[in-house]
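Take a look at the structure set out below.
Values in this text are rule-based calculations from the coordinates and carry no lab data. What you are looking at is a predicted structure, and each value in this text was computed from that prediction instead of being measured. Quick reminder, even Gly has a Cβ in these numbers, built from the backbone with ideal geometry, and neighbours come from all protein chains shown.
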Amino acid sequence: MTANGCFQILFYLLVIFLATKPVGLFMARVFNREKTLLDPVLRPVEKLIYRLTGIDEQREMRWTEYTVAMLLFSGVSMTLLYLIERTQKWLPFNPQSLPNVEPGLAWGTAASFTTNTNWQAYVPESTMSYFTQMAGLAYHNFVSAAVGIVLAIVVIRGIARRETEELGNFWVDTTRCLLWILLPVCLAGSLVLVSQGVIQNFKPYTAVALLEPQTVQVSGADGKTTKQQITQQVIAQGPVASQEVIKELGTNGGGFFNANSAHPFENPTPFANFFELVLIFAIPSGLTYTLGRMTGSQRHGWAVWAAMAFLFLAAVTATYWAEAKGNPLLTATDQRASALQSGGNMEGKETRFGIANSALFATATTDASCGAVNSMHDSYTPLGGMVPLINIMLGEVVFGGVGAGLYGVFVFVVLAVFIAGLMVGRTPEYLGKKIESYDVKMAMLAVLILTFTILGFSALAVVKPFGIAGISNPGPHGLSQILYAYVSSTGNNGSAFAGINANTLWYNTSTGIAQLLGRFFMIIPIMAIAGNLAKKKTVPESAGTFPVTGGLFATLLVSTIVIVGALTFFPALSLGPILEHLLMAAGKVF
Amino acid sequence: MSDAIFTIATAAFFALAILYVRACEKLRGAKR
């Protein structure tokens with residue numbers, strides 16, 4: 001670990017801290033339908049959309065209607081994406097004449113992008129046409145992010161409102177989120193990325209002659225290997241910048257290219273890398289301020305932010321430490337950081353990003369449900385790779401996905417105040433609302449669906465040939481690959497221990513089901529809590545009320561998140577990365 | 001054939017999710 005690396009990480013957190021209030025304030029104004037600077041341009045567009053679609057913008061919905069509208073919207077969008085993938089050969093913007101995507105992969109990808117996961121079991125530049133990337137995948141990057149944000153807003157309204165069943169209008173909230181928040185930031189952000197060298201074009205791929213022709217061994221279908229001379233390289237092109245910015249801002253993570261943000265056309269400069277990192281946390285961090293603003297308890301918003309920042313710093317420190325330390329078995333190699341090298345474990349990392357910015361990106365992308373990568377998590381040291389895994393296992397509530405982080409942490413807040421209530425023998429309260437058995441039952445349903453899906457599918461995959469066939473390393477690392485696949489899918493993250501071959505019928509369908517369960521079956525009970533809270537009266541604070549604004553609450557929240565995560569997943573982790581670390585110390589690697 | 005199966009599977013999942021919404025709502029009304 002170097003002072004320079006530590007400074008960059010702390011500077012990043014400082015920028016996120018400074019962005020939290022303006023971003024959060026703006027979002028509160030948008031969803032409270034207060035005036036903003038963008039109104040003169042966007043309000044007529046909004047009105048036109050409602051007129052064309054027959055939406056009554058004054059009409060509000062109960063939690064059930066809101067949730068069903070969201071489900072129908074997601075279901076139809078998912079089917080449309082599936083159809084686009086299955087017919088891309090006949091659709092425009094396909095200069096490489098790419099064939100239709102095969103059904104299993106098309107369905108898995110449709111589930112993946114609808115759920116904001118962006119798990120990619122394919123090589124985008126050789127699988128998806130420009131039309132599919134733009135009208136299918138980038139479209140979902142916008143709308144799945146908007147869905148996450150508006151659901152978080154419903155949860156906030158549920159806390160803030162009293163004695164009502166009305167929680168907003170799904171269509172109005174989604175439209176406002178897209179028009180006021182996501183589209184303007186992406187328009188400006190994509191220009192920033194273009195200024196750094198991110199490409200934006202519709203050109204066919206460029207073939208260039210290699211300066212030094214390469215001889216490679218190629219395995220034929222009969223298993224025989226032959227030597228082949230490569231004289232030409234094909235450089236993929238495309239409308240990358242417009243997709244890159246929402247990939248990060250919407251915490252989607254699906255790369256235009258297979259190498260994701262390690263590709264120089266997606267992430268060309270140190271500034272582009274920093275900008276992308278800021279985009280990942282901007283909205284999730286801002287939403288903590290929105291929470292405080294809309295509930296009238298700004299200190300509560302900051303307490304949640306502080307708990308998240310603590311967990312973020314702990315995770316990034318652990319990853320950075322593990323990767324900077326390097327591989328102890330490489331005794332003959334100089335792994336120390338110096339002016340000439342990053343040092344540490346550089347396998348799977350870009351030299352231009354080094355250890356600190358790779359560890360920072362890996363932590364941020366898994367704290368949030370982003371899943372974009374600028375280094376390959378599969379190549380991390382066992383402990384370094386365990387941290388992204390744990391980040392997702394904790395429910396991605398450390399800032400988290402756009403909206404998903406806030407409604408995810410809300411579950412832990414309910415559990416934390418419930419535990420605090422049990423300790424003092426009083427009915428727990430949260431910002432003036434009594435937390436009763438129904439709320440806790442629903443919170444537990446949200447927690448259990450993640451556990452059930454992750455551990456259930458992982459257990460099945462490690463004992464069945466169709467599961468084991470996908471792994472590229474034996475022993476504990478193979479288990480980690482499978483575990484990561486289902487943790488990432490269920491958590492709607494999308495990053496991978498990419499050594500796994502997930503483009504099989506089993507993995508495409510099972511990860512798709514995991515993504516759908518992890519997204520929608522978690523959301524439904526959370527929305528039920530929001531609906532239930534909105535109906536309640538507020539009770540005045542008393543001496544026995546557990547304050548949700550200070551250090552004690554933040555500590556209890558962190559403890560609840562860590563204890564629930566540890567109790568649930570420690571056995572699986574001990575058989576995967578922890579065992580791999582101990583075996584590495586004993587001289588065996590996988 | 002595969003297209004039909006995957007389309008039906010998608011519809012079935014979202015139908016199940018809507019039933020889950022109803023179940024959660026009913027649970028709220030249930031007496032302890």
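Checking the cross-link pairs A:Lys47/A:Lys537; A:Lys21/A:Lys535; A:Lys21/A:Lys433; A:Lys89/A:Lys203; A:Lys21/A:Lys247; A:Lys47/B:Lys26 against a 27 Å limit on the alpha carbon distance flags A:Lys47/A:Lys537; A:Lys21/A:Lys535; A:Lys47/B:Lys26 as lying beyond it. Between the alpha-carbon centres of the stretch A:505-534 and the stretch A:541-590 there is a gap of 23 Å. Cβ-to-Cβ counts within 10 Å put A:His581, A:His140, A:His377, A:His300 in ascending order as A:His581, A:His300, A:His377, A:His140, the fewest first.
Here the stretch A:43-155 is assigned +1 on the Cβ of each Lys and Arg and -1 on the Cβ of each Asp and Glu. Its dipole about the Cα centre then comes out at about 180 debye. Relative contact order of the stretch A:1-125, taken over Cα pairs closer than 8 Å and 6 or more residues apart, is 13 percent.
Taking Lys and Arg as +1 and Asp and Glu as -1, the other residues whose beta-carbon sits under 11 Å from that of A:Leu279 total -2.
According to the calculation over all Cα-Cα pairs in the stretch A:335-463, the P(r) per 5 Å bin from zero is 2, 9, 15, 15, 14, 13, 10, 8, 6, 4, 2, 1, 0 %. The Rg/Rh ratio of the stretch A:428-536, with both radii computed over alpha carbons and Rh defined as the Kirkwood radius, is 1.14. Cβ-to-Cβ counts within 10 Å put A:Val185, A:Val487 in ascending order as A:Val185, A:Val487, the fewest first. The charge dipole of the stretch A:163-240, taken about its Cα centre with unit charges on the Cβ atoms of Lys, Arg (+1), Asp and Glu (-1) only, comes to about 720 debye. Residues in the stretch A:560-590, backbone N under 17 Å from the label point at A:Ala459 (7 Å along the Cα-to-beta-carbon vector): list them, ranges by number please. Hits in the stretch A:560-590 for A:Ala459 at 17 Å: A:567-576. Orientation-averaged projection of the protein assembly as shown equals 29.4 nm² [convex hull of Cα atoms, one quarter of hull surface area]. The orientation-averaged projected area of the convex hull spanned by the Cα atoms of the stretch A:488-538 comes to 4.2 nm².
Helix A:3-31: angle to the longest alpha-carbon principal axis of chain A, degrees 0 to 90, nearest 10? With rounding to tens, the tilt is 40 degrees. Taking every Cα-Cα distance in the stretch A:172-270 and sorting them into 10 Å bins starting at zero, the pair-distance distribution P(r) comes out as 14, 32, 25, 17, 8, 4, 0 percent.
With the convex hull of the Cα atoms taken as the outline of the stretch A:13-150, the averaged projected area works out to 11.5 nm². Under the simplified labelling scheme, the A:Gln214-A:Phe7 pair shows an inter-label distance of 3.7 nm, with each label point 7 Å from Cα along Cα→Cβ. Of A:Ala461, A:Ile16, A:Val155, which is farthest towards the positive pole of chain A's charge dipole, taken about the Cα centre with +1 and -1 on the beta-carbons of Lys, Arg and Asp, Glu respectively? After comparing all options, I get A:Val155.
Given +1 on the Cβ of Lys and Arg, -1 on the Cβ of Asp and Glu, and no further charges, what dipole in debye does the stretch A:307-367 carry about its Cα centre, rounded to the nearest 20? Kindly include the intermediate steps, with their values, before the conclusion.
Details: 4 positive and 5 negative charges, 21 e Å.
Around 100 debye, computed over the stretch A:307-367.
The packing ranking of peptides A:413-425, A:353-365, highest mean first, is A:353-365, A:413-425, where packing means the average number of other beta carbon atoms within 10 angstrom of each residue.
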